[in-house]
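S.K.: Can you read through this structure? Questions will come right after.
The values are calculated or read from the model by the stated rules, or taken from the named source; none is laboratory data. The model shown is predicted, which means the values in this text are computed figures rather than measured ones. Cβ: placed from backbone, ideal geometry, glycine included. Neighbour counts: every protein chain shown. Side chains included, ligands, DNA and RNA excluded: accessible areas come from the protein's heavy atoms. Shrake-Rupley method; radii C 1.70, N 1.55, O 1.52, S 1.80 Å.
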Amino acid sequence: MIKIEQIYCPNCGSHAEKRYSSKHNTIQVECPACDYFLLSCAKTGNVREAYAPGIAAG
Ligand SMILES: [Zn+2]
């Protein structure tokens, strides 16, 4: 089961998606605007994979 939540991207502030997978116990954040990506464990909060492209501030 996957639950999708609309959030704001922590990298660029655009609309992004947060997906909870109860099967894998993971939380995945994906931003289509800046390619931000974060995969973390839902149980421990440990980050398994992360990608935050550098963007110009402001
Ligand atoms: Zn973003």
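S.K.: Could you list all residues from segment 11-50 that are farther than 20 Å from M1 by Cα, open to solvent by 50 Å² or more (accessible area, probe 1.4 Å) and polar (S, T, N, Q)?
M.R.: Once the filter is applied, which keeps residues that are farther than 20 Å from M1 by Cα, open to solvent by 50 Å² or more (accessible area, probe 1.4 Å) and polar (S, T, N, Q), segment 11-50 yields only N46.
S.K.: Something else about it: Condition check: among the aliphatic types (A, V, I, L, M) and more than 11 Å from the ligand (Cβ to nearest atom). Does I7 satisfy that?
M.R.: Against the criterion (among the aliphatic types (A, V, I, L, M) and more than 11 Å from the ligand (Cβ to nearest atom)), I7 does not qualify.
S.K.: So for segment 1-8 (the condition being crowded, with 16+ Cβ neighbours inside 10 Å and either small (G, A, S) or in a strand (DSSP E or B) (or both)), does at least one residue qualify?
M.R.: No, the conditions are met nowhere in segment 1-8.
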